[in-house]
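Data block below; observations after.
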C-alpha cells in the first residue's frame, strides 16, 4: 500500500469509509432481512463482527484494507452458508440457532429451565409485564425464544374475545389501497383496487374536494374512498353507504310486514309475508358486510 | 296516503337498494363479498317483481289511484 502512505490520513479514512459502507450494504443485502432483525444467534454474532471489523479497518490507518475486506466477505459468506444449511436440516438449525426453552407450562413455572437459562424470576416477570401480563397464574404456556424474547399463551379465559368466540360471522377484508398521497394519484394502487382516475375524480366530486386538497386517500375493500385533507378544520363525511343500505333494507322489511297485516286479500297477504321473510334472510346474509 | 302510494314508495326504496347492491357488487374487491352482493341483488329483484305485480293489480281494482 505505497500510495496510501503518501495520502493524508483523512483522505484514506474517507475513501475506506465509503468502500466499507458499500461493502457492508452489499453483504447485508445479500444476507437478507434476517440479518437486520438478527433473529438467530449466528446472525447476531456475525452482524456485530462485520461491523467491528469495518470500524477497525476504516480508522486503523496502518492496517491492510484488503485483509479487512476479506474478513467481511468471509463472515458474509459463512453466514449465508449457515443460513442455507439451516434451511435444509432441522438438527443443524437447532444447533446453530438454538431452541426455545419452555419456561411456563400448564400455568406452572418450570424452575429448572429458568435456572438453565440463568433467568431470575424477576426477569421472567419483567418479560411477562412487557406483554401486559401481571399474573403468572394467567399464563398457560410461555417459551423463551432463542433471541431472548418471551412468547406467552394466555389461558383461554384470559384471552381477548374474538368474533369466533361470540360465533359472529365476519366478512373477509382486503387490505386498503392508498390511492392519493400528497395530492398525487398513485396509479399502481388505483389499478390494483380495480378503479380508474375517472372513478376517483367522481368520488372526490361527491365529497366536494379537489385533488390538491387531499393529503391521503385510501380505498377500502368495498370500494369506498376515505380521505384526509390538508385543512384539518374541514369535516369530511365518512362513507355512509353501507349503514344507509342496511337501514333501507330494514325499513323495507318492516314495510312489507306492515302491508301483509293491512291487506285483506289472502293472496297478497302470503305474497307480502313471503317477501318479508326473504328480506329478513337477505339482511342476515348481508349483515357481516354492511356492519363494521 | 293510499295503499297504492305506500306500496309504490316501498317499490322505489327496493329499486334504490338494488342499485346500491349492484354498485357494491362491482366495487368490492373481495370475491366472496362480490358474490354475496350479487346474490342478494337477485333476491331483491324477485321481491321487486312481486311488488310491481301487486301495484298493477291494485291499479286495476281501483283505477282512480293510477299514476
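A short reminder: the numbers here are calculations on the coordinates, not readings from a lab. From a predicted model like this one, the values you see are computed outputs, not experimental measurements. Virtual Cβ from ideal backbone geometry, glycine too; neighbours counted across all protein chains shown.
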* To do: Considering Cα pairs under 8 angstrom that are at least six residues apart, work out the relative contact order of region B:1-57 and quote it in whole percent.
  => 41
* To do: Provide a whole-number value for the mean count of partner chain Cβ atoms within 10 Å of the Cβ atoms in peptide B:28-35.
  => 6
* Of the peptides A:256-265, A:235-244, A:154-163, how do they stack up when ordered by the mean number of other Cβ atoms within 10 Å, highest first? -> A:256-265, A:235-244, A:154-163
* Å³ per residue enclosed by the Cα convex hull of the protein assembly as shown -> 271
* Structure fact -> Taking Cα atoms, the helix B:31-61 axis meets the longest principal axis of chain B at an angle in degrees (rounded to 10) of 10
* To do: Report the full-extension gain for the segment residue B:13 to residue B:45: residue separation times 0.36 nm, less the Cα-Cα distance, to one decimal in nm.
  => 10.3 nm
* Asked: Per residue of B:43-56, how many C-beta atoms from partner chains lie within 10 Å of its own C-beta, taken as a mean?
  -> 4
* Structure fact -> For chain A, the longest principal axis of the Cα atoms and the Cα long axis of helix A:197-206 enclose an angle in degrees, to the nearest 10, of 60
* Roughly what angle does helix A:65-88 make with the longest principal axis of chain A, taking Cα atoms, 0 to 90 degrees, to the nearest 10? -> 50
* **Shielding by partners, peptide A:248-254 (average Cβ within 10 angstrom, other chains)** => 4
